[in-house]
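The values are calculated or read from the model by the stated rules, or taken from the named source; none is laboratory data. It should be emphasised that the depicted structure is a prediction, and the values quoted were computed from it without experimental measurement. No Cβ is skipped: glycine too gets one built from the backbone with ideal geometry, and neighbour counts run over all protein chains shown. Only protein heavy atoms, including side chains, enter the accessible area calculation; ligands, DNA and RNA are left aside. Shrake-Rupley method; radii C 1.70, N 1.55, O 1.52, S 1.80 Å.
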Amino acid sequence: MSTQVGGGADVTPAVLQPEPHAPEADTAERQARDDWQRRIYRRLTTTAGTDASLALPAPTHPHAEPAVGHVRLTWDAVPEAAGYLIERTEGGSDAPVIVAHGGSDVPAVTRPPFADTGLRTGVDYQYRIGAVADADSPVWAWSEPVSGQVLGGVAAPVEVRIDAATVIGRLNRLWRMVGSERLSQLTVAVDDYGNKVGVEFAEALRIAHDDLGVTRVRAHAILHDDNSVVTRRPDGTLDLNFDTVDAVYDQVLELGIKPVVELSFMPAALARDATQTVFVYGGIISPPADWAEWHTVVRALAAHLVDRYGVDEVAEWVFEVWNEPNLVVFWAGTQEEYLRLYDEAARAVKSVDARLKIAGPSTAAAEWVRTLAVHAAEQGTALDVVTTHTYGNLPLDVRPAMARNGFAGVPIWWTEWGVGSTHFGPVHDSVAGAPFILSGFAAAQDQLDALAYWVVSDHFEELGRPRRLFHDGFGLLTVGNLRKPRYWAVHLAQHLGDHVLASAVDGDGADVLVYAWAARHDDGTLDVLVWNGTINTELKDGDLGLDRRIALTITGLQGGSYEAELARVDRWHSNVVAECPADVDWPDDALWAHLRRSDELYREPLPHVTPEDGTAHFEMAVPLPGVARVRLSPTGRRLGTDEESTT
C-alpha cells in the first residue's frame, strides 16, 4: 500500500517568515521562534500498523477536464471517505507529488470536484485520486490515472442562477465561535509601542460579538502560571487561586460571549518537567508528575466555575482537553499519556456535574479523532464534543469516523481554522482569506457545528508581539481594530438572511473556483454572495487566468421594485491593508485617520430593479481572489446598513 497520508506528513512545510522592517528580536523572542520552527512540524502520529478495516476502495470515474487557468478534476465519491488525496505528475517524467495547496497542513480535499491551480499552460499533467478514512490513514488504492492541461485565453462568463422562490434550508452560522490568544491579554495595559492591548483586545471581542455574531471564544492557557491558578505550599499541598480566571471570564461573559475552557498549559507545580515549554510566554507542555493532582485541579476549576456562574450557565460551556497534543511542540508526552490526561480531565469534570461537557482531542491537522473515539468507547469515557483543527484547507468530514465508533451525532467543532498556519506568513493580510472563509463556511454547513477562525485579533504574543501594524498576523482585526479583507467575508456571511435559496453555478470554474450562496431575510431582502478563490495560497495575489465574469440571474422574485446594491472585497475594494504604505511600521496620526476612514465595506448602488416575470439580471467581474454581494431590498427599505434580520 502507499504511505501517503491524509494529514500531510509527507508535505514540505512553509518556512517561518521574518517580520519585514522589524527591529532585531530580543533574545527570548528569537529563541522562541527558533524553537518553534525546529519542532512545529514534528508529530506523534504514525500510520504504522494502520487497521486494514479502514482501507477504502479507489475512487472511480476520475476525469481531468482542461479549463482556463486550471485543470478541473472530478471523480465518484467514496462512501465513508473523510477526504481525498490528489497525486500529480508533470509531463509524465517527473516524480509524482501530492497536491498540497501551497502548504496546507492537511493536503486531502473534502470532495469532488476540485480545481488544480498554479499550473503551466499547455503541459500534460497526470493525476491519481485516493480516498482516506481520516487524517491518520493512508491511501490504500489509487484511481486509474487521468491527464489534463491548462487552457489559455479568456473564459466565457460563469452563469449563476438563484431561485428566490425556493428555500432549501436554514443558514447554519457555524462561525459563532472564534479563536483567540490567551484571555489574560485583557489584563495587559500597553505594549512596547504604546498600543493599549487590554482595551483593544476587549474591543475586538465586542466587535466580533456585535457584528459577526460571535457567542463563543476559544483561547489557550487558562491554567498558565501567569494566572497563578496553582502553586505549592511549603508543606507540599496545592494552593488554588481562581481570581485571575474569574476576572477574565467575567469580562468575556459581560460581552455576551461564553468561553471554551481549554485545559492548558500545565502549571509548574504539577509538571513532570517544567523546563519543557512553548512560546515566548513559556507555556509548560509537560505531562503531570502526579495524575491524581491533575484530576484534583481540573475538578476544582470546574467546581469553582459552577459555584460562581451556576451549573445552568457552565453546562453551556465546554471543557477542551489541551491543545494540539499530536505536535511535540505542544505535548512532551506520548499519545497514551494524552489519552490518560483526557480520561482524568473527563472524570474530573463529570464528577462535578454530569451536564458539564468534555471535548477533545483538539489536535492539529484533524489527527487522533478516530483514536480518541475508539479509546473513549473502549474505556467508557465521556466524549461530548469532538474538536480538531486545520489550516490552509477546508475541514475534512470526520462524521463517518465518529459514527463507526458509536459517536454518531456528537457535535463537531473545529476550534482552530484559518487560511494559513505560519506565523507572519504572507497570506494572512492578503485578500485570499476572504473567499477562503466563505468556501469553508459554505462547505461545512451540514457537517460541522462550529468553525472557529483563528484568531479574532492581531494582539497576539505566541512568538512575540507585533512590531508593525500590517505584519501578516493571524487576526481578523488588526492592532487598533481595523478590519482585514477576511473580516468582511465573515461579516457578509453573518448578514445573510436565515433562509438559504436554491442556486446553481455553470461554466468554466463553476463550483471549483466560483461559488454562490444566496439567502432571504424575513423582510424580503435578498442577498447573493459570489466568490472566486482557490485554497492554493501560492496564488494569494491572484492569477489573471482565473479571473471571471459573472452572469447572475435571479428568478422567483415577488412583484414590485427593489433597490439594488453591490458590495465588493478584492484587491481594490474593502482592503484597508492596501491603504498603508509598505514601508510604514506604525502609522502617524494622519495615516491612522486615513486608515480608519478606509475601514469600511465597499458598496455601490445599482439601478433599481423591477423584475419582469420575477426575473432580474446582473453582470459583474469577480477577480481571483475576490468576493461580490448583490443585495436586493424591497423599495422603501433603507440600504446602507447590514444590521438587519440576523438571528
- Message: G282 - would you say it is modelled with pLDDT under 95 and either among the small types (G, A, S) or surrounded by fewer than 20 Cβ atoms within 10 Å (Cβ to Cβ) (or both)?
- Response: yes
- Task: Return yes or no: is V261 within 26 Å of R216 (Cβ to Cβ) and under 28 Å from the mean Cα position of the chain (by Cα)?
- Result: yes
- Query: Just for the range 71-84: of the residues that are open to solvent by 30 Å² or more (accessible area, probe 1.4 Å) and at pLDDT 95 or above, which one is farthest from G433 (Cα to Cα)?
  - Reply: D76
- Query: Can you tell me which residue in the range 602-617 is modelled with the lowest pLDDT, limited to those that are more than 30 Å from D429 (Cα to Cα) and assigned to a strand (DSSP E or B)?
  - Reply: E612
- Message: Quick check on V99: is it of a type in the set (A, V, I, L, M, F, W, C), in contact with a strand residue (DSSP E or B) (Cβ under 9 Å, 6 or more places away or on another chain) and open to solvent by 40 Å² or more (accessible area, probe 1.4 Å)?
- Response: no
- Task: Within the range 545-586, track down each residue that is assigned to a helix (DSSP H, G or I), aliphatic (A, V, I, L, M) and in contact with a Gly (Cβ under 8 Å, 6 or more places away or on another chain).
- Result: L546
- Residues being open to solvent by less than 50 Å² (accessible area, probe 1.4 Å) and in a strand (DSSP E or B) - total across the range 208-226: 3
- Note on the structure: Per the list (1) over 30 Å from the mean Cα position of the chain (by Cα); (2) open to solvent by less than 30 Å² (accessible area, probe 1.4 Å); (3) not polar (S, T, N, Q), residue check on L301 breaks on (1)
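What's the total number of residues in the range 85-96 that are open to solvent by 10 Å² or more (accessible area, probe 1.4 Å), without any contact (Cβ under 8 Å) to a residue 60 or more places away in the chain and in a strand (DSSP E or B)?
Residues that pass the stated criteria total 3.
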- Task: Name the residue, out of T231, T275, that is in a loop (DSSP other than H, G, I, E, B), of a type in the set (S, T, N, Q), without any contact (Cβ under 8 Å) to a residue 40 or more places away in the chain and open to solvent by 10 Å² or more (accessible area, probe 1.4 Å).
- Result: T275
- Residue satisfying all of: in the range 571-611; in contact with a helix residue (DSSP H, G or I) (Cβ under 8 Å, 6 or more places away or on another chain) and under 17 Å from N195 (Cα atoms); most open to solvent (accessible area, probe 1.4 Å) among these: V584
- Message: Of all residues being of a type in the set (K, R) and over 22 Å from A289 (Cβ atoms) in the range 338-360, which is surrounded by the fewest Cβ atoms within 10 Å (Cβ to Cβ)? Just the residue, please.
- Response: R355
- Message: I'd like to know if the range 469-487 contains one or more residues that are hydrophobic (A, V, I, L, M, F, W, C), modelled with pLDDT of 95 or more, open to solvent by less than 10 Å² (accessible area, probe 1.4 Å) and within 18 Å of the chain's Cα centre (by Cα).
- Response: yes
- In the range 371-406, the residues that are touching a Leu at 6+ places or on another chain (Cβ under 8 Å), in a helix (DSSP H, G or I) and either crowded, with 24+ Cβ neighbours inside 10 Å or of a type in the set (A, V, I, L, M, F, W, C) (or both): L372, A373, A376
- Count - residues of the range 309-337 that are under 16 Å from R355 (Cβ atoms), in a helix (DSSP H, G or I) and open to solvent by 10 Å² or more (accessible area, probe 1.4 Å): 4
